[in-house]
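> Just passing along the structure, written as structure tokens.
The values are calculated or read from the model by the stated rules, or taken from the named source; none is laboratory data. In this text the structure is predicted, and so the values were computed from the model without any measurement. Using ideal geometry, Cβ is built from the backbone for each residue, glycine included, and neighbour counts are taken over all protein chains shown. Quick note on the areas: whole protein, heavy atoms, side chains included, nothing else; ligands and nucleic acids left out. Shrake-Rupley method; radii C 1.70, N 1.55, O 1.52, S 1.80 Å.
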Amino acid sequence: MGAVNRTEMPTRRRLFRNWSGHVHAHPHTFVRPSSAGELSDVVQAAANAGQRLRTVGAGHSFTPVAAGDDVMVNLDHLSGIIAVDEANQRVRFHAGTRLRDIPALLAPFGLALANQGDVNPQALAGAISTSTHGTGIGFTGFAGTVTGLSLMGPDGTVRRLSAANDPEVFDLARVSLGVLGVMTEIELQCVPSFDLIAEEVVTDVNELLADLEPRMRAADHFEFYWFPHTATALTKTNTRVGLGEIGPGHLAEVGVRNRILNLLDKEVVENGALRLAVELGSAVPSLVPRINRIAQSAVSDRMYRAPGHDVFVTPRRVRFNEMEYAVPLASGAEVIREIRSTIESRGWTISFPIEVRSAAADDVPLSTAYGRETMYIAVHRFVKEDFAEYFRVVELICRRHGGRPHWGKIHSLGASELRELYPRFDDFCALRNQVDPQAMFGNRFTDSLFGLGS
């Protein structure tokens with residue numbers, strides 16, 4: 001195994017558990033290589049032994065996509081910036097770089113990620129590979145901002161990919177769930193640093209759904225949270241402004257918010273109140289509608305300004321399981337109405353809010369927003385509650401509208417259903433069979449998605 005640290009390769013099986021605790025695995029080998037050479041040794045040794053290998057970052061996927069029974073590799077020691085093309089605002093990162101560390105890494109260059117999701121513990125490779133996204137109809141998910149990447153194959157060698165170098169493989173590899181090889185480097189198109197002016201407003205949910213698509217189109221970034229069993233939703237409208245620039249119109253006087261107050265709201269008000277509510281709701285389900293109405297009535301409108309990443313990201317301390325579907329933008333409001341009606345007609349008590357976001361169409365073959373403007377609808381259950389029936393029925397509703405499941409969140413689809421949703425699905429499977437004919441970069445879950453290879 002070359003220079004691999006054997007203290008990180010125990011003989012007894014190690015327990016892996018994902019963030020929510022729902023997914024478990026017992027790999028016999030778990031390594032954190034500290035160089036590309038060590039990683040190459042690990043990959044070659046696994047291939048020679050006929051073992052399968054999965055790469056894991058934060059374990060934030062709710063599916064078993066990263067879990068492995070043989071070899072699991074964590075890239076935390078392969079982190080940070082490799083190179084910066086300041087003229088073109090492109091930055092090349094080691095693939096193990098955590099999203100939470102990127103703002104500080106980019107700050108000396110006056111750059112930022114174009115968009116972010118609402119959590120940031122993930123490794124960059126994992127976020128790219130599962131089609132992770134933020135919100136904003138003018139912005140793609142992370143994969144749409146990838147301008148280059150490096151991929152290590154079963155023989156331990158690395159292919160450097162871009163639109164100019166091996167473009168067909170690059171095109172298909174941008175979202176790959178790790179089944180084409182180990183992603184070692186990722187180049188992203190970045191943007192100049194910016195602030196966001198955040199407007200959080202409680203709105204009647206019926207009025208919101210009647211005007212949802214226009215509201216999403218009118219904002220740089222728009223999302224909302226609706227607590228089931230209530231008549232209102234919390235809308236979040238974020239407006240981009242350059243550093244030092246004055247906001248437009250009624251936003252001109254909004255100043256940068258104190259970071260301590262921002263942290264207080266997110267940690268104490270949002271996470272603390274939510275934990276109390278879901279714990280009580282789990283113990284006494286009949287109280288959930290009343291708890292949700294109290295929680296929603298306690299939310300007040302607010303407006304503040306902060307660096308983009310501070311507004312996009314909210315710490316998630318309350319553990320849950322999640323399913324998210326990407327539906328055509330024009331179908332989103334109707335899907336939400338159907339989910340709302342189903343919750344009430346079935347008498348379910350749902351304590352977690354439904355989260356709704358949007359994204360631009362992109363050209364990444366396995367992106368959930370491939371070829372169409374997209375509305376993302378996410379449903380959650382507290383980790384102490386059974387999610388099976390709720391998720392199954394919501395999935396049926398989303399599928400009737402052509403929904404595509406988030407690759408890192410719970411769903412029941414296999415290769416036959418996915419093939420109908422992605423026009424280039426067979427192209428991807430053919431590439432996988434070519435670059436990894438033994439499907440060593442896989443597990444039982446990815447076998448259900450793409451097959452075992454040839």
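> How high is the relative contact order of the chain, in percent, counting Cα pairs under 8 Å that sit 6 or more residues apart?
17
> What net charge do the residues around S341 carry, taking every other residue with its C-beta under 15 Å from that of S341, with Lys and Arg at +1 and Asp and Glu at -1?
+1
> Any idea of the accessible area per residue across the chain, 1.4 Å probe, to the nearest Å²?
40
> Placing one identical point scatterer on every Cα of the range 120-232 and ignoring solvent, what is log10 I(q)/I(0) from the Debye formula at q = 0.10 Å⁻¹?
-0.45
> Using only alpha carbon positions, build the gyration tensor of the range 398-437, then give the equivalent ellipsoid semi-axes as the square roots of 5 times its eigenvalues, largest first, whole angstrom.
22, 12, 7
> How tilted is helix 36-48 with respect to the longest principal axis of the chain? Cα atoms for both, answer in degrees (0 to 90, nearest 10).
Compared with the principal axis, the helix lies near 70 degrees.
> Apply 1/(1 + (r/R0)^6) to the Cβ-Cβ distance of R160 and N433, taking R0 = 25 Å, and write down the FRET efficiency to the nearest 0.05.
Computed FRET efficiency for R160 and N433 comes out at 0.70.
> Skipping prolines and chain starts, which residues have an amide H placed within reach, meaning under 5 Å, of the one on T97, given they are 5 or more residues away or on another chain?
Counting only residues 5 or more places away or on other chains, the set is G80, L124, A125.
> Okay, moving on. Can you give the angle from 0 to 90° between the axis of helix 288-298 and the longest principal axis of the chain, with both taken from C-alpha atoms, to the nearest 10?
Helix 288-298 sits roughly 70 degrees off the main axis of the chain.
> So, with a 1.4 angstrom probe, what is the percent of accessible area on the range 292-407 that is carbon and sulfur?
So the carbon and sulfur contribution to the accessible surface is 49 percent.
> Now a separate question. In nm, to one decimal, how far is the modelled label at A231 from the one at A87, with both set 7 Å along Cα→Cβ?
6.1
> Hey, what angle do you get for helix 332-345 against the long axis of the chain, alpha-carbon based, 0 to 90 degrees rounded to 10?
For 332-345 against the chain, the angle is about 70 degrees.
> Follow-up question, since we're still on this one. If a paramagnetic tag sat 7 Å from the Cα of L251 along the Cα-Cβ line, which residues of the range 298-337 would have the backbone N under 11 Å from that point?
In the range 298-337, the label zone of L251 (backbone N under 11 Å from the point 7 Å along Cα→Cβ) covers 304-306.
> Taking every DSSP beta bridge that has both residues in the chain, what percent is antiparallel when rounded to the nearest 5? Display every interim value, and only then the final one.
Numbers: 67 of 77 bridges.
Counting only bridges with both partners in the chain, antiparallel ones make up about 85 percent.
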